[in-house]
Each structure stands twice: as structure tokens, then as C-alpha cells.
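Presented below is the structure to which this report refers.
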Amino acid sequence: MRRTVFDEDHEAFRQTLRSFIEAEVVPNYEKWFTEGEVPREFYFKLAELGLFGIPVPEEYGGAGVESFKFSAVQSEETARAGVSFGGSGVHVNLCLP
């Protein structure tokens, strides 16, 4: 059964995020987990892709997206890759660099 909850914008976001996770997170996840630290450079890369502050109004530097579905996509993709970060939703939803 095909899911209809996501539109083409969500799927484009999914592909961008999936590629980023596969290229930047998967190869480094075990090291980061073991060391208990994610390098600052990683967060700068996230910011370059516009993956911070998605629901934050544009006037404050966010994307101004009101749909929570982008956060759902983010949760699905980190879970799919087996690289879930406990606080990753905070970065996507609340924090700006």
C-alpha cells in the first residue's frame, strides 16, 4: 500500500537527507558514538544543507515550514540507517547555528 501522507517536497527532502546520512553519518557513527561527541564540522554541513530550524520562521533564519512531516521524514531516515541521535530532533526543529 502506497503512503500518501508525504508530497513531492517531503520526498525530495528525504532523498537529500538520505544521501547526506549515507555519506556523512554512517561512516562516522560508530566513532562518534564511542567517543561520545559529534564534531562541530558535522553541524556546519547540516546547516549548509538547510537542515536546521526547519519550522523556525524565515525572519529568524529558519525555513519557515509549518508542516511537522519534515521532522517525521528526518526521524524515519535516521532510524532507517540505524544512526539515531537522541537529540537530533532538537537541531532540526529548534536550533539554528
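The values are calculated or read from the model by the stated rules, or taken from the named source; none is laboratory data. The shown structure was predicted, so the numbers you read here are calculated from the model rather than taken from an experiment. With ideal geometry, Cβ positions are generated from the backbone for all residues, glycine too; neighbour counts draw on all protein chains shown.
Specify the residue that is surrounded by the most Cβ atoms within 10 Å (Cβ to Cβ); the eligible residues are those in the stretch 30-65 that are charged (D, E, K, R) and within 14 Å of the chain's Cα centre (by Cα).
Here the answer is K45.
Filter the stretch 1-10 for residues that are surrounded by 11 or more Cβ atoms within 10 Å (Cβ to Cβ) and in a helix (DSSP H, G or I); which is nearest to the chain's Cα centre (by Cα)?
H10
Going residue by residue through the stretch 21-29, is there one that turns out to be under 14 Å from the mean Cα position of the chain (by Cα) and assigned to a loop (DSSP other than H, G, I, E, B)?
Checking the stretch 21-29: at least one residue is under 14 Å from the mean Cα position of the chain (by Cα) and assigned to a loop (DSSP other than H, G, I, E, B).
Hey, any hits in the stretch 24-33 for a residue that's in contact (Cβ under 8 Å) with a residue 24 or more places away in the chain, acidic (D, E) and touching a helix residue (DSSP H, G or I) at 6+ places or on another chain (Cβ under 9 Å)?
The answer is no, given that none of the residues of the stretch 24-33 is in contact (Cβ under 8 Å) with a residue 24 or more places away in the chain, acidic (D, E) and touching a helix residue (DSSP H, G or I) at 6+ places or on another chain (Cβ under 9 Å).
Of the residues that sit in the stretch 19-29 and are at pLDDT below 95 and closer than 19 Å to A72 by Cβ, which one is surrounded by the most Cβ atoms within 10 Å (Cβ to Cβ)?
Only one residue tops the list, namely V25.
Counting just the residues of the stretch 8-22 that are of a type outside the set (V, I, T) and touching a residue at least 12 places away in the same chain (Cβ under 8 Å), which one comes out nearest to S67 (Cα to Cα)?
H10
Six or more apart or on different chains, Cβ atoms under 9 Å: show the pairs whose first residue is in the stretch 53-66 and at pLDDT 80 or above and in a helix (DSSP H, G or I) and whose second is surrounded by 17 or more Cβ atoms within 10 Å (Cβ to Cβ) and not acidic (D, E).
Y60/G53
Test of understanding: among V38, V73, which residue is closer than 15 Å to S84 by Cα, in a loop (DSSP other than H, G, I, E, B) and touching a helix residue (DSSP H, G or I) at 6+ places or on another chain (Cβ under 6 Å)?
On the way: V73 fails: in a loop (DSSP other than H, G, I, E, B).
Result: V38 is the single residue among V38, V73 that is closer than 15 Å to S84 by Cα, in a loop (DSSP other than H, G, I, E, B) and touching a helix residue (DSSP H, G or I) at 6+ places or on another chain (Cβ under 6 Å).
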